[in-house]
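Encoded as structure tokens, the structure appears first; notes follow it.
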Ligand code: SAJ
């Protein structure tokens, strides 16, 4: 099929490469000209796609080409997939990217008025239920003059990429598919069946939209639960990690979640807010448990700062000008992504208390808010700090050295054994 992918980020680029690998003729579109430039020179900026995989299909023959805008010349797509961001703006859902993509697609399809009726448009971006059949469809119809379900197929298929090093790939993760008509489902499922091992059809785009949000919300709420358990365990003088390990021995009806310094990334905290916003603002039916989970998770960085301060005062070290090293800025191990990272709030909180904060994260470049320690200097510098806060447990860190050389450690990721100098959240 002729495939147009709008948005070449951590979802769109792997999808474009995979579609080209399976023989489709693909055009990848992104408004960020630097992304297009990088891809045209065969350099991938997405960890899941190696340069080799990119170049194997990016050779003109297989027809994977990259364009900065949805040109009329790409108008003869059989299926267009929208994989653009759905962030928050001032705490509210920001659908501007998907509506801009729908506008471009609508204008391109316009020249096709009452021509083809077998094309499909699929939204993959995570959003609140009702978006696909609501504003996304309305925008497509307004700019194309066509009617969804009659002149083109419309559906939703959520992305399930697991960012960072993972065994779960685009190919081996079951893909939910949906459409507004049975014929639309046949076309859309037919496409995805060529690129993933297993597709699962659901009865409507709303079911697929809600299922996706639920996948992340259930993680978000469970993480809030173990974060609250960590606070209770601390007050009880009980090790929460030992408690969780013990509970996990039950072997069934238990899923492992880890207490930590907060919930980052552009999925879990954002998707949960999409649902709580819609529940409260559109449905007048607040999702109280999810809202409470957000309060708990968002308070974790401040809790870490409080624990750090009390560890200093317990050793008669003045908080002002105390020298503190924060290890790891990214939102989770072995990624460079800072979006919504709790470590950022922890650094801000420590600086706000007047501490002299240095950070070290070999995966993150261009950090300017505090002094940065290179990983090669780390071992030698550890004894200089009054406190080391482990905020992200990158595998590149030598935590045994931290345990033996640091004077005090607040381990927010449970990577070290407890000791005289190592305290867990
Ligand atoms: N975290 C905890 N405790 C845990 C698990 C995670 O504190 O037990 C924290 C992490 O440190 C991180 C944040 O939560 O700061 C999110 O990390 P994550 O790996 O759970 O999530 P993402 O954002 O990398 O990817 C998630 C995944 N969804 C779920 O975990 C349910 C991934 O499978 C999704 O495909 C992805 O969101 C997405 O794109 O929606």
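Couple of notes before you dig in:
- Judged by the gyration tensor of its Cα atoms, with axes a ≥ b ≥ c, the range 88-144 is prolate; a/c meets the 1.5 cut and a/b is the larger of a/b and b/c.
- Relative exposure of 397, 214, 156, judged by other C-beta atoms within 10 Å (fewest first): 214, 397, 156
- Residue of 98, 46, 79 that the Gaussian network model of the chain assigns the largest fluctuation, springs spanning Cα pairs under 10 Å: 46
- Pairwise centroid distance, computed over Cα atoms, of the range 191-207 with the range 307-354, Å: 43 Å
- Helical contribution to [θ] at 222 nm, DSSP H n ≥ 4, -39,500 (n - 2.57), averaged over the chain, rounded to 500: -11500 deg cm²/dmol
- Top of 90, 218, 278 by mean-square fluctuation, Gaussian network on the chain, Cα under 10 Å: 90
- For the range 48-192, averaging the sequence separation of C-alpha pairs within contact (under 8 Å, six or more residues apart) and dividing by the residue count gives a relative contact order of 21 percent.
- Cα radius of gyration and Dmax for the chain (Å): 24.0, 78
- Each Cα pair of the range 189-230 feeds into the Kirkwood radius, which the Stokes-Einstein equation turns, at 37 °C and 0.692 mPa s, into a diffusion coefficient of 262 µm²/s.
- Fewest-first ranking of 215, 197, using other Cβ atoms within 10 Å as the exposure measure: 197, 215
- For peptides 25-35, 337-347, sequence by mean Cβ density within 10 Å, most packed first: 337-347, 25-35
- The chain: relative contact order as a whole-number percent, Cα under 8 Å and 6+ apart: 10 percent
- If R0 is taken as 22 Å, the Cβ-Cβ distance between residue 214 and residue 181 corresponds to a FRET efficiency of 0.35.
- Nearest 10 degrees, 0 to 90: helix 268-277 Cα axis against the chain principal axis: 70 degrees
- GNM on the chain, alpha-carbon springs under 10 angstrom: the most fluctuating residue among 377, 183, 47 is 377.
- Ascending count of other beta-carbon atoms within 10 Å, so fewest first, for 17, 84: 84, 17
- Axis angle, to the nearest 10 degrees, between helix 205-236 and the longest C-alpha principal axis of the chain: 0 degrees.
- Average projection area in nm² (convex hull over Cα atoms of the range 342-413, one quarter of hull surface): 4.7 nm²
- Ranked packing of 230-237, 379-386, most packed first, by mean Cβ within 10 Å: 379-386, 230-237
- Rounded tilt (10° steps) of 182-193 against the dominant C-alpha axis of the chain: 60 degrees
- The distance linking the range 212-235 with the range 1-37 is 35 Å (Cα centroid to Cα centroid, whole angstrom).
- Fraction of antiparallel bridges per DSSP, the chain only, in percent to nearest 5: 10 percent
- The range 295-395 shape via C-alpha gyration tensor axes, a/c threshold 1.5: oblate
- At 0.692 mPa s and 37 °C, Stokes D of the range 156-197 from Kirkwood alpha-carbon radius, µm² per second: 295 µm²/s
- Fraction of beta bridges assigned by DSSP in the range 1-133 that are antiparallel (%, nearest 5): 10 percent
- Note on the range 61-207: along the principal axes its Cα atoms extend 44, 41, 35 Å, ordered by decreasing extent.
- For the range 145-159 versus the range 75-103, the inter-centroid distance based on Cα atoms is 14 Å.
FYI, it's all coordinate maths here, none of it is from the lab. Predicted model only: the values in this text are computed from it and were never measured. Cβ: placed from backbone, ideal geometry, glycine included. Neighbour counts: every protein chain shown.
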